[in-house]
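Colleague: Let me give you the structure first, and then I'll get to my questions.
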Amino acid sequence: MINELYALAEALPSGIEATEWHRQLKELKKVSDKTPCFKIWLSEDVAVYAIEEIREPEKMAFLRKWEPSNGDSFPAFNLPPLSKYADAKKEKDKRKQQTKPFEKWLNGKVLFNFADFEKWQSDTVNHWDKKATDKLERVLHSLPKQLREKNPGNTPTNAIWGLIERLEKITVPQFRAALDRHIITKLGAGENVKTLLKFLSSDKQVSVILDVQDWQKFSYPVAHEKSIVWLNEVLNNAEIKTPKKSASDASAPIPLDALLDAFGEKFSGAGEPMPEVKLPGKLAGVKLRSMFHDHRCQCRYNRIDDDSYPISRENRAKFKKALEWLKEPERQGKTWGLSDIDEIIFAYPSIIPPSPPKFAALLGASSGEEENDERSSALFASIAEDVIKSLAGLAPEAKPQDVQIFAIRKMDRARSKVVFYRNYTTERLIQAATDWQKACQNIPPVSFRVWADKLPKKNNPNNTDGDKVDEKSKPEIVEPQTPKPLQVAKVVNRIWKMSGELAAEPKKTPKKMQYYQGLELMLDDRLATRDSYLLHTLIDNSRGLIVYLGNLLHGGRVLPNSSRELRESYLYLLPVLGLFLFRQKIYKETYMESLPYLIGQMLKVSDELHALYCKIVRNDDVPPQLVGNSLLVSALETPAQALAQLAPRLNPYISWAKQYRTKKIEETGKESWRAGWYLSLYEQRAANINLEKIARFNDLEKAQLFVGYLAAFPQKEKTADAAPKTEA
């Protein structure tokens, strides 16, 4: 990641300021119901004055903890659970049983009963083991003492200094007793019940931050942005005063050329670990570079640790500052975004304006939160237009020439890796965005009838028969949309059943296409072999979805609006197929006359004729599968055999249509002209199909068949005895 951040660090001085956080001053975890954070207020006499839960993420954004060693931090740290059961073997089962009242109290289903709480408490052993006590001794006394030594002789003008003075007056057992005393007193009085129960019931370590109750005398409390900034200055100033180790100070002999770091700066800070930056999603803390000496691959050039890629202390701080600036929340969608919960995309220009264009959003990166409705999110075309306007509005000297793009993925619990890195000119990015839209529009007109609102739970969630629909819920016509590059992997990887359900949960679905490969589809033209693999995967995984969509839509029914994955797939599937065809120079003006496309259209005509017959003759009793739909999968592998089976199956409906088309019926949905129109469409397509030329289809031809099966009939086609009407 070092090389990826070097260009950014060079761009930052041009009017961009970023806080240089000390490498040991680390961000706190995001707060949630599962990972709460509590503030413990200490009074002047070192009693626990109050315990409150920090709920707002924005309050946590500026909080940091000094963590010189793994697990030990100040003034925020992880507090060991307050209660354990005497019988360790039965502790897990007993806790599960005993915490049931806590769940009811916290959910508000049962009023808190102090007598029941005392009974629960009597079954626990209220002490910390030696491991917990030793940790708190370091956190409450050793670390504050070390912090004092970093700023000797200064008077306590900050709340953190006041907190250190109070901790010197209290032992770990006294701190525990103060906690117990406060909790029992408040719960007995029925005060702050929910917060204290949540604090007490956790069987894991609890995230806490210490503060002083009378913070007004220090101007700001400990948990305040200015206090954390002050702590950062203390740590940075102490490091400046500390003699720097040069490469020659290391225990092992170092070649003379290592006296300069990889970027030509004087090397210092030998033996120090690389800084860590906390990234959004599940990436958590990511080191700028791993230098773990047990990774023997570093020894290939007979160097290890710092020697393998020396970076000076100043450059380490500069790169860390650059990455922290890049991933700030206000730049979400501009310079960064999540492609998945464990993968993040960064995109930044070589010259960074005060408000960077939405490069990350253009690529399809999101905030990581699930969108309720993909149709409400910004379309690719509108984002591309915004980016182009933003670049065009910059002065010539402020206009960037290049855009750096890189992706980091969490490989396992401990490791993260840069999986994609490219440098593109802004002109190339703009042209690629334009070509991307054109490629995804390489399909004929297609539309879907979809319920505008989700149906009530009492109704059929799949809504396959269209009955029992809420009066307020009406069908709407939607058309496919251009996907963003990072969204393509989701469409390709999802495996569908013919029932319109996923064959596996999204988390368990094999990722045959990685998210960053969508960027390669947009920005690289040289990966034809990979295109073949991805298209083959898409055809195999989505054939069940095509069968499901065709059967519903050709039967006159409406698509449900109950699944985010389903909505995303029917909006993006055909544009992705058009994209792969476009990259192979197969354009819609040509393939709409091809054999696979015509067979797809024949199956669609067969479905709609069958559905019209059932609507009129069988009183709208449409079978579970229409005649053309039943042969779709067979047509992919053995098209000649599928057409041979279609003819006898369709004969009864063709004979009926020849009679019905002359009746001049105009009732909505039962118009007689439809029968003549379907016959005309069927005959025209059958006349253009040469059975002798039909062989097995390759993946590109299967894609054309899929598009033909769902595409609307051409507007110009009409029957001789009917009005020029069309139906999708």
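The values are calculated or read from the model by the stated rules, or taken from the named source; none is laboratory data. In this text the structure is predicted, and so the values were computed from the model without any measurement. Please note: Cβ atoms are built from the backbone with ideal geometry, for glycine as well, and neighbour counts cover all protein chains shown. When the accessible area is computed, the model is the full protein with side chains, heavy atoms only, and any ligands, DNA or RNA have been set aside. Shrake-Rupley method; radii C 1.70, N 1.55, O 1.52, S 1.80 Å.
Colleague: For the structure I just gave you, tell me whether P480 is open to solvent by 10 Å² or more (accessible area, probe 1.4 Å) and over 16 Å from the mean Cα position of the chain (by Cα). Quick ask: steps written out before the conclusion?
Modeller: Values: open to solvent by 10 Å² or more (accessible area, probe 1.4 Å): yes; over 16 Å from the mean Cα position of the chain (by Cα): yes.
Taking the combined requirement at face value, the residue satisfies it.
Colleague: Next question. Since L595 meets every condition but one in (1) touching a residue at least 60 places away in the same chain (Cβ under 8 Å); (2) more than 21 Å from T638 (Cβ to Cβ), which condition does it not meet?
Modeller: For L595, the exception is condition (2).
Colleague: For region 164-197, how many residues are farther than 12 Å from V46 by Cβ, touching a residue at least 40 places away in the same chain (Cβ under 8 Å) and small (G, A, S)?
Modeller: 2
Colleague: Would you be able to say whether some residue in region 341-358 is out of contact with any strand residue (DSSP E or B) (no Cβ under 7 Å at 6 or more places or on another chain), open to solvent by 20 Å² or more (accessible area, probe 1.4 Å), at pLDDT 80 or above and of a type in the set (D, E)?
Modeller: no
Colleague: Going by the conditions given, is G556 within 19 Å of L626 (Cα to Cα), in contact (Cβ under 8 Å) with a residue 40 or more places away in the chain and open to solvent by less than 30 Å² (accessible area, probe 1.4 Å)?
Modeller: No.
Colleague: Does A18 fit the bill of being at pLDDT below 90, in contact with a helix residue (DSSP H, G or I) (Cβ under 7 Å, 6 or more places away or on another chain), of a type in the set (G, A, S) and assigned to a helix (DSSP H, G or I)?
Modeller: No: the conditions fail for A18.
Colleague: Okay, next question. Every residue in region 671-701 that is part of a loop (DSSP other than H, G, I, E, B) and among the small types (G, A, S), please.
Modeller: Correct list: A695 only.
Colleague: Being aliphatic (A, V, I, L, M), open to solvent by less than 10 Å² (accessible area, probe 1.4 Å) and either at pLDDT 85 or above or in contact with a Lys or Arg (Cβ under 9 Å, 6 or more places away or on another chain) (or both) is the requirement here; does A407 meet it?
Modeller: Yes: the conditions hold for A407.
Colleague: Right, next: So which residues in region 388-437 are in a strand (DSSP E or B) and more than 30 Å from G285 (Cβ to Cβ), if there are any at all?
Modeller: Here is the first cut: in region 388-437, the residues in a strand (DSSP E or B) are 402-410, 416-425.
Residue satisfying the conditions is T425 alone.
Colleague: Further question on the same structure: Hey, any hits in region 301-320 for a residue that's open to solvent by 50 Å² or more (accessible area, probe 1.4 Å), modelled with pLDDT of 80 or more and under 32 Å from the mean Cα position of the chain (by Cα)?
Modeller: Taking every residue of region 301-320 in turn, at least one turns out to be open to solvent by 50 Å² or more (accessible area, probe 1.4 Å), modelled with pLDDT of 80 or more and under 32 Å from the mean Cα position of the chain (by Cα).
Colleague: How many of the residues in region 627-659 are surrounded by fewer than 19 Cβ atoms within 10 Å (Cβ to Cβ) and hydrophobic (A, V, I, L, M, F, W, C)?
Modeller: The number of residues fulfilling the criteria is 6.
Colleague: Could you count how many residues in region 129-164 are acidic (D, E) and modelled with pLDDT of 90 or more?
Modeller: Residues flagged as acidic (D, E) and modelled with pLDDT of 90 or more within region 129-164 amount to 2.
Colleague: What residue, among those in region 59-97 that are open to solvent by 10 Å² or more (accessible area, probe 1.4 Å) and of a type in the set (S, T, N, Q), is modelled with the lowest pLDDT?
Modeller: So, considering only residues that are open to solvent by 10 Å² or more (accessible area, probe 1.4 Å) and of a type in the set (S, T, N, Q), the one modelled with the lowest pLDDT is Q97.
Colleague: Regarding region 506-523, can at least one residue be identified that is under 27 Å from M602 (Cα atoms) and surrounded by fewer than 22 Cβ atoms within 10 Å (Cβ to Cβ)?
Modeller: No; the residues of region 506-523 include none that is under 27 Å from M602 (Cα atoms) and surrounded by fewer than 22 Cβ atoms within 10 Å (Cβ to Cβ).
Colleague: From Q704, Q645, Q659, grab the single residue that is assigned to a helix (DSSP H, G or I) and touching a residue at least 40 places away in the same chain (Cβ under 8 Å).
Modeller: Result of the check over Q704, Q645, Q659: Q704.
Colleague: Something else now. Given the criteria under 24 Å from the mean Cα position of the chain (by Cα), more than 26 Å from K410 (Cα to Cα) and either open to solvent by 40 Å² or more (accessible area, probe 1.4 Å) or of a type outside the set (S, T, N, Q) (or both), does L577 qualify?
Modeller: Details: under 24 Å from the mean Cα position of the chain (by Cα): yes; more than 26 Å from K410 (Cα to Cα): yes; either open to solvent by 40 Å² or more (accessible area, probe 1.4 Å) or of a type outside the set (S, T, N, Q) (or both): yes.
Yes; evaluated as a whole, the condition is true for this residue.
Colleague: Among the residues of region 594-653, which ones are out of contact with any Phe, Trp or Tyr (no Cβ under 7 Å at 6 or more places or on another chain) and of a type in the set (K, R)?
Modeller: Of everything in region 594-653, those that are out of contact with any Phe, Trp or Tyr (no Cβ under 7 Å at 6 or more places or on another chain) and of a type in the set (K, R) turn out to be K615, R618, R649.
Colleague: Let me ask something additional. Only residues that are surrounded by 20 or more Cβ atoms within 10 Å (Cβ to Cβ) and within 40 Å of the chain's Cα centre (by Cα): list them for region 606-626, please.
Modeller: Residues satisfying the conditions are D607, E608, L626.
Colleague: Count, please, the residues in region 167-202 that happen to be loosely packed, with under 15 Cβ neighbours inside 10 Å and not in a helix (DSSP H, G or I). So that I can check it myself, show each step before the final result.
Modeller: First, pick out the residues of region 167-202 that are loosely packed, with under 15 Cβ neighbours inside 10 Å: 168-169, 171, 173-174, 181, 185, 188-191, 194.
Right, trim to not in a helix (DSSP H, G or I) and you get 168-169, 171, 189-191.
Matching residues across region 167-202 total 6.
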